[in-house]
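Have a look at this one.
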Amino acid sequence: MNEALVFYVLATFSIISAVMVVFSCAVNSVLFLIMVFISVSGLFLLLGAEFLAMMLLIIYAGAFAVLLLMLPLMLNIKETYQHTAVKCSAFGVTVGLLLFSCLAFVLKVKPQRLENDVSLAVANNVKALGEVLYTDYAYLFQLCGMVLFVAIVGVIMLMIRNGMEIKEHKIAGQIIRSADEIELKQLTDGEK
Amino acid sequence: MIISEIIILLSALFAASVLLIYVERKLIAAVRLKKIARVYGLMQPIADAFKLFFNETILPRGKTQVAFMLLPVLFFTSIVACWAVIPVDEGVVLADINAGALFLVAMFFLSICLIVVIGWASDSKYAMFGALHSVAMMVAYELSAMLAIVCVLISSGSMRLSDIVNAQAEMWYCLPHFPMFVVFFIYALVRTNCPPFRMSESGNISDGEYSIEYTSVGYIFIAFARYVNMLLMSAVITVFFLGGWLPPFEVELFLLIPSVIWFGLKMSLCLLIFIFTKTAFPIYRYDNLVQFGWKMFLPFSLVWVIAAAGYTLVSATGKF
Amino acid sequence: MLSIGLNHYLLLSAFLFATGACGVFINHKNITAMLLSVELMLVSVSLNLVAFSCFHNDLTGQVFAVFILVAAVAEAVVGIAVFIIYFLNHKSIEAENMSGLKG
Amino acid sequence: MIDKGNINELAELVPITSLRNLVSDFKVTKGELFLNVKADSLVKTITFLKDDVNFQFEQLIDICGVDYLNREPRFDVVYHLLSISLNQRICVVVQVADKTPIPSAVSVYETAEWYEREVWDMYGISFFGNPDMCKILTESSFNDYPLRKDYPLNGSVKWSYDEKEQRLTAKSVDGII
Amino acid sequence: MVRAVLKNSTLNTMQQTAGGGFFRLVLEVDGENILKATPHIGFSHFGIEKLIENKSYINAVSLLNQEYALVLAIEKLLKIKPSKRAAYIRVLLAELSRIMSHLQTVVSIAEGAGNSTPSYYGAAVQEKIMEFLELAGGSRLHANCLRVGGVYNDLSYGLMEDIVKWLKKDFLCFLDNIDEKLTEDRIFKQRTVGIGTVSSENAIEWGFSGANLRASGSLWDLRKAQPYDVYDELDFEIPIGKYGDCYSRYLVRMAEMRQSVNIILQIIEKIPEDFMIILDDTVATDNEKTVLSHSSKNIDEDYNVPAGQCYESTEAPSGEFGAYLVSDGSNRAYRCKIRTPSFAHLQAVPHVLKGNKIEDINTIISSLGIEAGEVDR
């Protein structure tokens, strides 16, 4: 019984923050997006997909949201308007409703032939996922690694920005210096 | 039932951090030729908390007031939540889920993300500066620390923390994975901002802490979270690398001592090291520190993960 | 309260997908909001996949959810990098005059 | 050790070198050489003193103003120069009337900027050519020149808390030395 | 329409110097690197030159912390010389306060680099030196027993033996302790080597003096080049650095502390036993008879200084501390300009800070040995 309660709490939470993502200004929308990620990862836990729940938290809430937060903060974007004119938002909402109704319509038509009360929690989700991932989808997994690698190299190439005479220091050169570089001299006559 | 266990955990954490504050001040004062009151020193943190509670809360003018009030609590819970998973003794653990290590990693990442938002919510340029500083530093060491945890998971086989501790029965993981132990220890130093891996308080406010703007209750949570963080990091190090509640040798003399005491001893060992680094070292400059994290630790721990995986594969299947 | 069936998850992910889509249309002037709503759509899709995989007791859904996660992050990271570079060179991010490629 | 005794040899050099048409007169008192210079030939003498072989005054030690109240060109601006390589000192004195700016020495010695700003702040002698000619020590609301002889010791303004206006107000008071 | 503008953030910091004074530093920062730094001074300006003009010479002398230069200038105008023993005592106290000031700078460099433990040990040692100064001159922070024409009173019995014993036993081992703790420390080196480098020409150009000038490699020390009092009878070396960065400034100051210890040990042997009468009749010329009539009376009486102007400078711990004195024959100075070394050092801070990182501000400013009190006068 409390499982249904948890589902409804998380569902309403994610719906509210999803709506807020769309309708609030820059940084608040990122915060609400983090709320969406956290509630969806809760739903994954409810579904028994522990690995994915934690992965969602780590990748999205942990690193990616930090990145998204950087955008409006670092570039001190001065929001000069909150929402577009009513006409555009009305257009957006109608598109949303249309999309939602057709999806919902599809669901209503198809009766649930499949039994829905199955033991959700697989014995050890992570172990099961691991076996599947590294055997059947091994090449796909390598491909994912390649995609991420390309993304990292691309971003670093884009973002390298040097210039500005900044004094760089070689650590090796710093360590060698020691106390005996000071020599004690006599200020004799005329000798400078 | 869970509620009572949570209350026990929170009160234990509170008492432990009060003791930690007192011991830290005593040790630092001793190293620095100063003396602090013996008995009343213990009451000092409680008096601080009490005083802070009645301070006036100053809220930023901007539209971030709601976030400003909410975030310290979130930051505190994200750190205390990790304690739910840590096994203090054989069966004594709040929630022994089978993806325990993954949960810990997720909580580490979440608390870092919250630091940025705390810096942003206080609506001041200097707090934001401090937040970005400490987050960039933590992320630099975070990845290699997570890889260090992956090495431990590889050799222990399961993510459940109590299984990891039992798997360390014949040899603690800090011996075979010693470099990874060092990597994770340095990550713990970064997280609990102990020198030399800390943002240097260069005295002026240009790179202050992210918690400058927080006054009374907000500051209690953040300061409290900092000490609970120290306890947490030392507990995680004992669980992953120092064999949680297992005595070092199976000698019957050691078995007499209850295993909780072993867990406490190892934790206090790490805490002592944290405290003494506060007095001993100067602080790396920020960019050396971040370069050190990215260019030295990350490749090294990647190589170590591959080596560990290779070793377990060979020792498990026997063929090369 | 009836036990949670597959239907509820699909409805929820459909709603999230719809808000993501309308978010793209609403914030057509503000690039960052667009990025966020695209992220929202991707998360709702992976929720959909995981719901199916758990109710059919078959792990392929979760595997593909992992791949979607990977693809989404890679795409968004490069998107943000291009966005910041554009911003640095042009000192403004108004969506209207981002028509450099129009030729 | 070069003792300061050879200041007289330095003094003999002044009429020989091209200084003679720049310097109005010079004298040695108490082992120090003072050159009196007019304002317009100031920069030339300083550059000459800095670059010439047997003077080589590399470092500007100090610029300070002196207020001779009842003398006609009221102020004296004294430049102290030090030569590290030849271990000798010299003082160049320029007599300045009130409210007449003199050329700034920043083009020759970079450190002159703050010294000139202090002289302006304390005496009201302005230097044209100084990149940032504004007050340095006293706060912005204070627009007197404190080190002048006619400025009273206790200042001309007394700050006190005013009950009516609930704020600090300044009441001018006749300065008592 | 979203107007976004990328501008470097300007940070407004209140910078605390080693001696406890303040000055405001406005930084133009791009992320981590400093593009422009402008100091604003004047916070601890209390108009000492105006005070000196309205006080008799005796009170003027007691106003200053380092009143050595002013005392020498007045003596030059009076054409009197302190007795040999008084001169030795003055040099002894000057060297003691030099050790104290260098110690404070060295310890605040370590504080800037992040390690605040040496500052506690340094404070304990400084306490000991303050005790000696108090025994000698009555005030802890500066040797205030300097008077025109010599010293207010002789050193108390047995003080010199205590100083020697303490220097040899405690102080030298404290210096070796700091040497082994800081000088060889990898992290300290990474925080100070190559940071805030000042080339030799720049050092001369920017009006550096004292330890900062010697750290950049130029051989200049007023105690040797233009000796005053008895410095020409003492033989000691001058430490010269090579690179002119924070590390060599730190090393020069450590070496100078050792040289000061040698000087003090030499003083203790060479100090004559003659009676330290303040005014010496034989030296003064005829027309200063009015001053000499004091030889029998106590020195703390007003005396008139003959008209004239002179500039006298001494090698203070942070650099060349000069006093340009103009007197009009009355018992008050007509004009007395105090030339402090920190004024020139602080003027050079924007050039030195440019291009460095924010964490380096503290190390650079404390390595230059800037005292805000000295800057604002």
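Values in this text are rule-based calculations from the coordinates and carry no lab data. This structure is a prediction, so every number in the text was calculated from the model and none was measured. Note: ideal-geometry Cβ built from the backbone for every residue, glycine included; neighbour counts use all protein chains shown.
In whole percent, what relative contact order does chain D give with Cα contacts below 8 Å and a gap of six or more residues?
Numbers: 311 pairs, mean separation 25.4, N = 177.
With pairs under 8 Å counted, the relative contact order is 14 percent.
A 23 angstrom limit on the alpha carbon distance is what I want to check against. Which of D:K44/E:K76; D:K164/E:K50; A:K167/B:K295 exceed it? Each step should come with its number before you reach the end.
On the way: D:K44/E:K76 31 Å; D:K164/E:K50 34 Å; A:K167/B:K295 20 Å.
Cα-Cα > 23 Å for D:K44/E:K76; D:K164/E:K50; rest within.
Taking a quarter of the surface of the convex hull around the Cα atoms of the stretch E:53-185, what do you get in nm²? Write down the numbers at each step before the final one.
Values: hull surface 38.2 nm².
It is 9.5 nm².
Would you work out the relative contact order for chain E, in percent, from Cα pairs under 8 angstrom that are 6 or more residues apart?
Relative contact order here is 29 percent.
Next up: Report, to the nearest 10°, how far helix B:125-156 tilts away from the longest principal axis of the Cα atoms in chain B, using its own Cα long axis and a range of 0 to 90°.
10
Next up: What shape does the stretch E:201-270 take by its C-alpha gyration tensor, where a ≥ b ≥ c are the square roots of the eigenvalues and a/c under 1.5 counts as rounded, a/b above b/c as prolate, and the rest as oblate? Write down the numbers at each step before the final one.
Working: a/c = 3.38, a/b = 1.68, b/c = 2.01.
Judged from the Cα gyration tensor, the stretch E:201-270 comes out oblate (a/c at least 1.5, b/c at or above a/b).
Can you compute the modelled spin-label distance between B:K34 and A:Y134, with each label point 7 Å from Cα toward Cβ, in nm?
Reported label-point gap for B:K34 and A:Y134 is 5.3 nm.
Take every Cα-Cα pair in the stretch D:7-137 and report what % of them are more than 23 Å apart. Walk me through the numbers before you get to the answer.
Numbers: 2429 of 8515 pairs.
The share of Cα pairs beyond 23 Å in the stretch D:7-137 comes to 29 percent.
May I ask for the angle, rounded to the nearest 10°, between helix B:298-317 and the longest principal axis of chain B, with both axes built from Cα atoms and the value confined to 0 to 90°?
Helix B:298-317 sits at roughly 30 degrees to that axis.
Which whole-percent values make up P(r) of the stretch E:78-152 when all C-alpha to C-alpha distances are grouped in 10 Å steps starting at zero?
19, 39, 25, 13, 4, 0
Quick check on chain D: helices-only [θ] at 222 nm, where DSSP H runs of length 4 and up contribute -39,500 (n - 2.57) each and the sum goes over total residues. Nearest 500, please.
Numbers: 3 runs with 32 residues, N = 177.
Per the formula, -5500 deg cm²/dmol.
Which whole number of Å³ per residue matches the convex hull of the alpha-carbon atoms in the protein assembly as shown? Please report the intermediate quantities before stating the final value.
Working: hull volume 286.7 nm³, N = 1169.
Looking at the protein assembly as shown, the number lands at 245 Å³ per residue.
Limiting things to C-alpha atoms, what are the Rg and the maximum Cα-Cα separation (Dmax) for the stretch C:6-97, in angstroms?
According to the Cα coordinates of the stretch C:6-97, Rg and Dmax are 16.0, 52 Å.
Along the Cα-to-C-beta direction of D:T100, a point sits 7 Å from the Cα; which residues of the stretch D:19-44 have their amide N less than 14 Å from that point?
Taking a point 7 Å out along Cα→Cβ of D:T100, the residues of the stretch D:19-44 whose backbone N falls under 14 Å are D:37-42.
OK, next. I'm checking a number: the convex hull volume of the Cα atoms of the stretch B:130-223, normalised per residue, in Å³. What is it? Kindly include the intermediate steps, with their values, before the conclusion.
Values: hull volume 11.4 nm³, N = 94.
About 121 Å³ per residue, rounded to a whole number.
Output the relative contact order of chain B, whole-number percent, from Cα pairs under 8 angstrom with separation of 6+ residues. Intermediate values should be presented prior to the final figure.
Values: 403 pairs, mean separation 78.7, N = 320.
Relative contact order of chain B: 25 percent.
Okay, next question. Taking the radius of gyration and the Kirkwood hydrodynamic radius from Cα positions alone, what is the Rg/Rh ratio for the stretch B:72-201, to two decimal places?
On the way: Rg = 16.2 Å, Rh = 15.9 Å.
Ratio of gyration radius to Kirkwood radius: 1.02.
Could you list E:D176, A:D180, E:D221, E:D328 so that the one with the fewest beta carbons within 10 Å of its beta carbon is first and the one with the most is last? Before the final figure, lay out the partial values.
Numbers: E:D176 11, A:D180 7, E:D221 25, E:D328 15.
Ranked by crowding around the Cβ, least crowded first: A:D180, E:D176, E:D328, E:D221.
In the structure displayed, which of D:K30/D:K50; A:K185/B:K34; D:K30/E:K168; E:K128/E:K357 lie more than 30 Å apart, Cα to Cα?
Numbers: D:K30/D:K50 23 Å; A:K185/B:K34 41 Å; D:K30/E:K168 41 Å; E:K128/E:K357 36 Å.
The pairs that break the limit, which is 30 Å between Cα atoms, are A:K185/B:K34; D:K30/E:K168; E:K128/E:K357.
Towards the positive end of the charge dipole of the protein assembly as shown, with charges on Cβ (+1 Lys, Arg; -1 Asp, Glu), say which of E:H102, B:S162, E:L265 has the farthest Cα.
The Cα lying farthest towards the positive end belongs to B:S162.
Once amide H atoms are placed 1.01 Å from N in the peptide plane, what residues at a sequence separation of 5 or more from E:K81, or on another chain, have their amide H within under 5 Å of its amide H?
HN-HN under 5 Å from E:K81: E:D280.
Estimate the FRET efficiency between C:L11 and B:E170 by the formula 1/(1 + (r/R0)^6), using the beta-carbon distance for r and 56 Å for R0, to the nearest 0.05. Can you show the working numbers first?
Working: r = 53 Å, r/R0 = 0.94.
That pair, C:L11 with B:E170, gives E of 0.60.
Enumerate the calculated ³J(HN,Hα) couplings along the stretch D:13-30 in order (Karplus 6.51 cos²θ - 1.76 cosθ + 1.60, θ = phi - 60°), each rounded to whole Hz, writing x wherever the residue is Gly or Pro.
5, 4, x, 6, 6, 6, 6, 4, 8, 8, 8, 6, 8, 9, 8, 10, 10, 6
Still on this structure: Please rank E:Y152, E:Y157, E:Y57, fewest neighbouring Cβ atoms within 10 Å first, as an exposure proxy. Display every interim value, and only then the final one.
Working: E:Y152 17, E:Y157 7, E:Y57 25.
In increasing order of surrounding Cβ atoms, one gets E:Y157, E:Y152, E:Y57.
Let me ask you something else. Divide, for chain B, the radius of gyration over alpha carbons by 2.2 N^0.38 Å, where N is the residue count. It would help to have the intermediate numbers written out before the result.
Details: Rg = 20.3 Å, N = 320, 2.2 N^0.38 = 19.7 Å.
Rg over 2.2 N^0.38 Å, computed on Cα atoms: 1.03.
May I ask you to order E:265-273, C:17-25, B:64-72 by the average number of other C-beta atoms within 10 Å around their residues, highest value first?
Values: E:265-273: 13.4, C:17-25: 23.8, B:64-72: 17.9.
Put in order of decreasing packing, that is C:17-25, B:64-72, E:265-273.
Using only the alpha carbons, work out the radius of gyration and Dmax of chain E in angstrom.
22.1, 89
Here's a follow-up. Within chain E, which whole H helices from DSSP have a Cα span along their axis of at least 20 Å and a mean Kyte-Doolittle hydropathy of 0.0 or more, if any? Walk me through the numbers before you get to the answer.
On the way: long enough: E:84-112 (42 Å, 0.50); E:117-137 (30 Å, 0.10); E:246-270 (36 Å, 0.12).
Answer set is E:84-112, E:117-137, E:246-270.
Follow-up. Determine the distance separating the Cα centre of the stretch B:17-68 from the Cα centre of the stretch E:60-131; give it in Å without decimals.
A separation of 38 Å, based on Cα centres.
Taking the Cα-to-Cβ direction at B:Q291 and at B:M1 and moving 7 Å from each Cα, how far apart do the two end points lie in nm?
Going from the B:Q291 label point to the B:M1 one covers 5.6 nm.
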